[in-house]
Amino acid sequence: MKTVFHIISHFDLGGAERVAMNIARSRNPGFEHHIIEAQRAHTAFTRTMMDEMKAQGIRYHRAAVPE
C-alpha cells in the first residue's frame with residue numbers, strides 16, 4: 001500500500017482542495033490518500049469541504065495552527 005499526502009495551505013478557496021479531493025476519490029487500488037490542512041480556516045466553505053470529505057470517506061487532517 002502506498003500512502004499519498006496532499007498538503008493544502010487551508011480549506012478555504014477550493015482550487016487545490018478540489019484537485020486533491022478528485023484524486024483521493026479515484027479509489028485507485030494500492031493507494032491510500034490523506035488530505036492535510038496546514039493552517040486552519042474557519043469559513044462556511046471550510047465546513048462544507050470537511051462534510052464532503054467525511055461523506056466520501058476521504059481522510060483529512062487539520063493542523064492545530066489557527067488562521
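At a glance:
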quantity	calculated
In order through the range 6-22: 3J(HN,Hα) via Karplus (6.51 cos²θ - 1.76 cosθ + 1.60), integer Hz, x for Gly, Pro	9, 9, 10, 4, 6, 7, 8, 8, x, x, 5, 4, 5, 4, 4, 5, 5
Net charge contributed by nearby residues that have their C-beta within less than 13 Å of V4 (K/R +1, D/E -1)	+3
Whole-number percent relative contact order across the chain, with pairs defined as alpha carbons under 8 Å at least 6 apart	39
The chain, helix-only ellipticity at 222 nm - DSSP H runs n ≥ 4, -39,500 (n - 2.57), divided by all residues, nearest 500	-10500 deg cm²/dmol
Rounded to whole Hz, the Karplus (6.51, -1.76, 1.60) HN-Hα couplings of the range 47-57, x for glycine and proline	4, 4, 4, 5, 4, 5, 5, 4, 4, 8, x
Top of F11, F31, F45 by mean-square fluctuation, Gaussian network on the chain, Cα under 10 Å	F31
Amide proton proximity set for V4, modelled H, under 5 Å, gap of 5+	E32, H33, H34
Estimated dipole of the chain in Debye, rounded to 20 [Cβ of Lys and Arg +1, of Asp and Glu -1, Cα centre]	220
Charge context of E32, other residues only, Cβ under 15 angstrom, K/R +1, D/E -1	+4
Built amide H within the under 5 Å cut-off of A41, gap 5+	F11
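Coordinate-derived values only; no laboratory data. Here the structure is a predicted model, which means the values were calculated and not measured. No Cβ is skipped: glycine too gets one built from the backbone with ideal geometry, and neighbour counts run over all protein chains shown.
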